[in-house]
Amino acid sequence: MLWALALASFGAIALLKIPFPWVIAAAALAGCVSEKKFNEHVASADAAIKAAAQEAAAAKSAADAAGAAASSASSAASSAQSAANQALQAAKAAQACCDANSEKIDRAFQKSMGK
């Protein structure tokens, strides 16, 4: 855009013999119009930045909530593992008791058959 403005200014002065103050006035007017569009782009970019910041904050909040849920799930899994270990120990103890009772019954049967 600036190169086009520079070439148009040169052409206006050199070829069309337009007075220099008029060329400067036209360039200033074009600059004002360009500045208005620039400011619109800046405002649009600011709005996009704010929206992105809000989305990032929402994503961080969701990630924090997911982290808390994962921590809670990990705690629940640890508790479940502890309960399962206790149940396994109780089952092993019950099996040992059953094995001991079975041996006692077998010995008593052997003893009774021997008499």
So, Glu55, is that one within 30 Å of Ala6 (Cβ to Cβ) and either in a helix (DSSP H, G or I) or of a type in the set (S, T, N, Q) (or both) or not?
no
Taking the conditions exactly as written (part of a helix (DSSP H, G or I), out of contact with any Pro (no Cβ under 8 Å at 6 or more places or on another chain) and exposed (fewer than 10 other Cβ atoms within 10 Å of the Cβ)), does Gln110 satisfy them or not?
yes
Inspect segment 46-69 for any residue being more than 17 Å from the chain's Cα centre (by Cα) and charged (D, E, K, R) and give the result as yes or no.
yes
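FYI, it's all coordinate maths here, none of it is from the lab. If you're wondering where the values come from, they're calculated on a predicted model, not measured in any experiment. We place every Cβ from the backbone using ideal geometry, glycine too, and count neighbours over all the protein chains shown.
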